[in-house]
1. State to the nearest 20 debye the size of the charge dipole of the range 65-214 about its Cα centre, where the only charges are +1 on K and R beta carbons and -1 on D and E beta carbons.
2. Taking amide H positions as placed in the peptide plane 1.01 Å from N, state which residues far from Leu61 in sequence (5 or more) or on other chains have amide H under 5 Å from it.
3. Bin width 5 Å, origin at 0, all Cα-Cα pairs of the range 101-184: what percent of pairs per bin?
4. Dividing the alpha-carbon Rg of the range 48-187 by 2.2 N^0.38 Å yields what?
5. Could you list Tyr202, Tyr170 in order of exposure, starting from the residue whose Cβ has the fewest other Cβ atoms within 10 Å?
6. Could you give the length gained on full extension between Asn156 and Ala103, defined as 0.36 nm per residue of separation minus the Cα-Cα distance, in nm?
Amino acid sequence: MTRGAPPSLPANGPRAIAIVPARLASTRLPRKMLLDRTGRPLFAHTVDNVRASGAFARVVLATDAEAILEAAERAGIEAVMTRVDHASGTDRVHEAWKTLERAGERVAVLVNVQGDEPELAPGDLARLVALFADPAVEMATLCGPIERRADADRANVVKVVRDRNGDALYFSRARIPFAGHARGADADSAEWTLLRRHIGVYAFTPVALESFRSLPTGRLEVV
């Protein structure tokens, strides 16, 4: 089931759609997607920034709750209903994508934008999609500097380590990299320049998304 009208098609770049998973339940803050202290629900601010990037033919909310579906309709946001029992946002995005695909949608890039990312920079999203102009790119995500030192040790800030080519090596809620043997101010400064936080955006080709979902859950995913 979908509601709302999609925005106009971008003129340039690979055809991409953004799917924004927004479930009602939340471990740390119940019903956070419906918070509306600004007069609009949290997910609507995320959708605003995604639309502002100009990179997407459609921006679709994927939810498991009638309350969110109705709030999306009031906000003029296209929405798809999904099952309640998905283990991850990626699984919810996949179900939403299959619904759109059965209705005739065809794209080169699918972007999973977590609904609780209202401060995303539209330009970063546009650059992410532009990476897929290279046919060798199948998956991509975003990261940025950690601006507050306290965030380096906060479990709800996911950290990422990259290789020299910018490819992700490992994600962790713990501080990575960690200056184990080095000591002193120089070591702390060097470690700080390498720290990056992961931003909740995941881009796939449709084939890569299918391949990713077919993989068994790894032990490190459940640690």
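1. Here the size comes out at about 440 debye.
2. Val20, Glu78, Ala79, Val80
3. 3, 10, 16, 20, 21, 13, 7, 6, 2, 1, 1, 0
4. That works out to 1.26 for the range 48-187.
5. Tyr170, Tyr202
6. 15.4 nm
Read-outs: derived from the displayed coordinates by stated rules, not from any lab. Nothing here was measured: the structure is a model prediction, and the numbers come from that model. Here Cβ is always computed from backbone atoms with ideal geometry, including for glycine, and neighbour counts include all displayed protein chains.
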